[in-house]
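Dropping the structure in here first, questions after.
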Amino acid sequence: MEAWRRGKIAEALDMYFHRNTFEPTRQMIAGKELHEKMEAHIKSTGQFPDWVTKTIKLHAPVSEKVYVADYNDEFLLKGVIDVTDNKVVYELKTGLADSLKYTKEYQVPIYFLLCELVGIEVDRAIIIHHNQYSGVNDVAMVWNGKRQIERARNYIDSIGSEVYNYFNAEKLW
């Protein structure tokens with residue numbers, strides 16, 4: 001939806017229809033590989049790798065689970081959450097942008113809404129960022145609440161119906 005919001009309709013359609021129209025950069029490939037290593041480690045040990053964090057301990061993590069919920073009469077809401085554990089959504093990021101950048105985006109509020117819709121109690125999200133170039137990690141937290149849920153709903157409602165109407169007009173269903 002973010003590509004659509006920025007007016008990049010062709011890019012949004014390529015994503016929706018899973019058309020790979022661009023070559024991933026070195027950084028994208030490296031980030032994906034690191035993410036896969038984190039996921040494998042969490043699934044095999046039940047903990048984050050030490051190079052991600054030594055201080056956050058997991059209890060019964062669910063990693064890379066796909067959640068789907070009815071949103072309204074027009075569409076479903078679907079997301080893949082990196083890790084959920086003990087009322088916390090963990091979002092794992094790599095690259096140069098620090099964790100604070102991600103607190104301002106819509107991904108976490110949408111995850112809060114998705115969790116609410118599927119009946120998972122979540123009180124906060126912790127964004128763990130690993131800069132693979134410097135080896136530096138940083139963490140940010142976002143608290144769940146009515147304001148975050150409203151933010152997600154406003155974002156989805158403002159763009160979702162536009163996308164839905166476009167798909168209907170162009171007979172893309």
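The values are calculated or read from the model by the stated rules, or taken from the named source; none is laboratory data. Note that this is a predicted model, so its numbers are computed, not measured. When we count neighbours, we look across all protein chains shown, and the Cβ atoms used for this are built from the backbone with ideal geometry, even at glycine.
Quick one: which residue in F17, F22, F75 is loosely packed, with under 14 Cβ neighbours inside 10 Å, under 20 Å from I159 (Cα atoms) and out of contact with any strand residue (DSSP E or B) (no Cβ under 8 Å at 6 or more places or on another chain)?
F17
List the pairs whose first member sits in region 47-58 and is of a type in the set (V, I, T), whose second member is assigned to a loop (DSSP other than H, G, I, E, B), and whose Cβ atoms are under 9 Å apart, counting only residues at least 6 apart or on separate chains?
Qualifying pairs under 9 Å: I56/Q47; I56/F48.
Y133 passes all but one of (1) among the aromatic types (F, W, Y); (2) surrounded by fewer than 19 Cβ atoms within 10 Å (Cβ to Cβ); (3) at pLDDT 95 or above; which number fails?
(3)
Looking at (1) hydroxyl-bearing (S, T, Y); (2) touching a residue at least 60 places away in the same chain (Cβ under 8 Å); (3) in a strand (DSSP E or B), which one does Y67 not meet, given that it meets all the others?
(2)
Which pairs have Cβ atoms under 9 Å, sit 6 or more apart or on different chains, and link a residue in region 71-92 that is closer than 18 Å to Y16 by Cβ to one that is of a type in the set (D, E, K, R) and part of a strand (DSSP E or B)?
Filtered contacts from region 71-92: L76/D70; L77/D70; V80/E64; V80/K65.
Considering only region 118-133, state which residues are out of contact with any strand residue (DSSP E or B) (no Cβ under 6 Å at 6 or more places or on another chain) and within 30 Å of R26 (Cβ to Cβ).
Within region 118-133, N131, Y133 meet the criteria.
Limited to region 86-125, what total is found for residues that are part of a strand (DSSP E or B), modelled with pLDDT of 95 or more and either over 12 Å from the mean Cα position of the chain (by Cα) or among the acidic types (D, E) (or both)?
Final tally of qualifying residues: 3.
May I ask you to verify whether I29 is surrounded by 12 or more Cβ atoms within 10 Å (Cβ to Cβ) and of a type in the set (V, I, T)?
no
For region 108-119, give me each residue that is farther than 14 Å from R147 by Cβ, touching a residue at least 24 places away in the same chain (Cβ under 8 Å) and surrounded by fewer than 18 Cβ atoms within 10 Å (Cβ to Cβ).
L117, V118, listed by residue number.
Moving on. Which residue is nearest to the chain's Cα centre (by Cα), if the candidates are limited to region 6-35 and must be over 16 Å from K93 (Cα atoms) and among the small types (G, A, S)?
Applying the filter and picking the extreme gives A12.
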